[in-house]
Structure formats: C-alpha cells, structure tokens
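The values are calculated or read from the model by the stated rules, or taken from the named source; none is laboratory data. Computed from a predicted model, the values in this text were never measured in an experiment. With ideal geometry, Cβ positions are generated from the backbone for all residues, glycine too; neighbour counts draw on all protein chains shown.
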Amino acid sequence: MSGESVRTTRLPAPGEVVEQVEGTTAELLGWLTGRSDGAGLAHSAAALPALPHWL
C-alpha cells in the first residue's frame, strides 16, 4: 500500500486547538519513530507538533 495517505481524526475538547499531520504511512512512521524530520508531511500548524519526550 505504498503511497497511501493515512488520516486519523477525533472530536476536540471544547477550546482545544487541533493540529493535523498528513502523509503516507511510511512518512508518518518515519517521523513518529525519529527516523525522519517529517519534511514530506503536510501539517496545519506553522511547524510539526513536538513529539512526546518518550520518543
């Protein structure tokens, strides 16, 4: 399924700012695991959200 876009959404809490990050499975996994800077991802904020400390 290379090249397939993945999108996950949920309802935000009242007043919560929602940031969206979109890309292929490989691009998302690379960014989430720290193996990529996320340059190929599309995002709604000025910059990609900071990843949790545990990564």
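Here are some notes:
- Output for segment 40-55, where each listed residue is modelled with pLDDT under 85 and surrounded by 12 or more Cβ atoms within 10 Å (Cβ to Cβ): Pro49, Leu51
- Those residues of segment 10-32 which are part of a loop (DSSP other than H, G, I, E, B) and touching a Pro at 6+ places or on another chain (Cβ under 9 Å), in sequence order: Val18, Glu19
- Residue check, Gly3 at pLDDT 85 or above, more than 9 Å from the chain's Cα centre (by Cα) and loosely packed, with under 14 Cβ neighbours inside 10 Å: no
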